[in-house]
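Notes to accompany the following structure.
All of the numbers you see were taken from the coordinates with simple rules; none came from a lab. Just so you know, these numbers come straight off a predicted model, no measurement behind them. Backbone-built Cβ (ideal geometry, glycine too); neighbour counts: all protein chains shown.
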Amino acid sequence: MNSAPTTAAAAGLIGCPVCGLVSRLGNAPRGAVLRCPRCNTHVHSRKPNSLGRTWALIVAAVLCYFPANMLPILHSTTLGRTDADTILSGIAHFIEAGDWLLAVLIFTASVVVPLSKLFVLAYLLVSVQRGTRWRPRDRTRLFRFVEIIGPWSMLDVFVVTVLVALVKIESLANIEPGAGAVFFCAVVVLTMFAALTFDSRLIWDATESNHVRRTHAH
Amino acid sequence: MSKPALVACHACDLLHVRRALPVGAVARCRRCDTVLYRQRREPVTLPLAFALAALFAYLIANSYPLLAITLQGQSSQATLIGGVHQLLDEGLHPVAATVFFTAIAAPLIQIGALLYVLLPLWLGRSARHAAAVLRVFSIVRPWAMAEIFMLGLLVSFVKLSALADIALGIGLWAFAALIGLLVAAESNFDHEAVWEQLEAQP
């Protein structure tokens with residue numbers, strides 16, 4: 001091994017995302033399906049069409065984000081009176097009741113996490129498309145961070161599930177889910193897929209010399 | 001394979017030569033600091049034991065009520081599958097499917113996959129289709145959200161405690177145990193070590 005840092009792609013190798021085995025690409029034609037010789041998983045030097053797919057998922061998530069916040073996620077009936085709550089009005093109720101901890105928790109999970117995930121992914125896509133060489137290590141960390149926090153935005157969907165299942169006392173109290181929950185759930189699932197289709201190796205490809213970069217064009 | 005074992009960083013693709021590590025040590029990528037691999041104490045026995053315990057916790061968590069409320073003498077209780085059922089009844093099929101997959105199916109698939117691969121290995125054999133099962137395990141992993149569901153239970157508990165008498169059910173305690181055991185099973189599981197052992201089997 002030479003001491004200069006080399007990427008798997010530059011050396012004509014691919015690391016398997018499942019079993020970790022590093023194997024040789026061979027002279028497979030472009031677009032051929034490559035499989036890990038040890039565990040038979042589909043392997044790609046870079047995730048196929050990562051930028052286009054991630055952009056598409058982000059746009060879809062943004063489109064769902066509006067109805068997710070405008071439509072009610074819960075309809076609660078207590079003694080004949082029905083209230084409809086959106087995500088934000090639910091948070092406002094917690095604040096009114098003095099439940100600051102819950103207000104902060106739900107606000108973080110339902111507003112801060114999905115929005116920061118969308119902004120960070122969009123920023124990373126733009127930075128890759130512009131070939132930015134600026135602080136790749138921190139951009140990789142940023143990606144890992146949104147990947148880890150992403151699933152926590154499912155919190156409100158789970159709260160709705162529990163409330164709907166639990167508060168079923170015929171004439172006294174009844175909670176039903178609203179259409180906002182469907183869109184919010186879609187936002188979470190779409191941003192999860194967006195993080196899965198983004199390939200952080202692209203952040204590093206831009207930092208390498210042009211010569212190396214040309215060899216991993218595909 | 002006689003060549004030195006190489007490791008490609010999954011986050012930045014940099015190649016490294018694999019070195020033997022002391023137990024408990026972590027190897028990180030030179031360039032982007034992502035964890036490359038760890039040296040686990042018992043990569044088969046420990047995750048197998050935790051997965052087996054997690055299976056029992058899972059069965060209890062899914063059979064007993066998680067929370068129960070009482071309001072003016074009338075009561076109601078919620079189980080995990082009951083919540084999904086209620087969402088289906090209300091016509092929210094996509095939400096019901098997502099909750100079912102992330103809170104019910106994914107943890108069971110993870111436990112099942114670990115038991116399926118590790119139990120034969122512990123007995124000195126290798127499971128059929130272990131490769132396919134481990135691939136499913138990797139695909140499902142980001143979608144398993146038991147710990148987030150647990151937080152959802154606690155939020156619901158606090159929210160309702162102001163309005164009604166609410167009690168924690170046996171299912172909730174089992175669910176908490178399930179999360180701890182699943183994390184323990186996963187963090188002791190080592191894909192690379194398991195693959196080496198699978199390859200060494202006849």
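Brief remarks follow.
- Of all residues in segment B:78-108, those satisfying the criterion of being facing chain A (nearest Cβ under 7 Å), of a type outside the set (A, V, I, L, M, F, W, C) and under 24 Å from A:E170 (Cβ atoms) are B:G82, B:G83, B:Q86, B:E90.
- Every condition in (1) in a helix (DSSP H, G or I); (2) surrounded by 21 or more Cβ atoms within 10 Å (Cβ to Cβ); (3) among the hydrophobic types (A, V, I, L, M, F, W, C) is met by A:L125 except one, and the failing one is (2).
- Of all the listed residues (B:L178, B:L160, B:L123, B:L151), the sole one being out of contact with any His (no Cβ under 7 Å at 6 or more places or on another chain) and crowded, with 21+ Cβ neighbours inside 10 Å is B:L178.
- Qualifying residue in segment B:103-115 (condition: in contact with an Asp or Glu (Cβ under 9 Å, 6 or more places away or on another chain), surrounded by fewer than 19 Cβ atoms within 10 Å (Cβ to Cβ) and in a helix (DSSP H, G or I)): no
- If the condition is being assigned to a helix (DSSP H, G or I) and either more than 9 Å from chain B (Cβ to nearest Cβ) or closer than 19 Å to B:A68 by Cβ (or both), then segment A:161-183 contributes A:T161, A:V162, A:L163, A:V164, A:A165, A:L166, A:G180, A:F183.
- Only listed residue being crowded, with 19+ Cβ neighbours inside 10 Å, out of contact with any Cys (no Cβ under 7 Å at 6 or more places or on another chain) and more than 10 Å from every other protein chain (Cβ to nearest Cβ), chosen from A:I14, A:I87: A:I87
- Exactly one residue out of B:Y37, B:Y58 is within 30 Å of A:T140 (Cβ to Cβ) and either among the aromatic types (F, W, Y) or touching a Cys at 6+ places or on another chain (Cβ under 9 Å) (or both): that is B:Y37.
- Looking only at residues of segment B:4-59 that are without any contact (Cβ under 8 Å) to a residue 12 or more places away in the chain and within 18 Å of A:A10 (Cα to Cα), we find that the one that is surrounded by the fewest Cβ atoms within 10 Å (Cβ to Cβ) is B:L15.
- Among the candidates A:F145, A:F158, residue that is surrounded by fewer than 21 Cβ atoms within 10 Å (Cβ to Cβ) and either among the basic types (K, R) or within 13 Å of chain B (Cβ to nearest Cβ) (or both): A:F145
- Of the residues making up segment B:138-148, those that are surrounded by fewer than 21 Cβ atoms within 10 Å (Cβ to Cβ) and more than 8 Å from chain A (Cβ to nearest Cβ) are B:I139, B:V140, B:R141, B:E147.
- Filtered by the rule that a residue be outside any strand (DSSP E or B) and of a type in the set (D, E, K, R), segment B:30-60 gives B:R30, B:R31, B:D33, B:R40, B:R41, B:E42.
- Being hydrophobic (A, V, I, L, M, F, W, C), over 30 Å from B:F157 (Cα atoms), crowded, with 22+ Cβ neighbours inside 10 Å and more than 9 Å from chain B (Cβ to nearest Cβ) is true of A:A194.
- For segment A:29-81, filtered to residues that are surrounded by fewer than 17 Cβ atoms within 10 Å (Cβ to Cβ) and hydroxyl-bearing (S, T, Y), the residue that is nearest to A:P177 (Cα to Cα) is A:T77.
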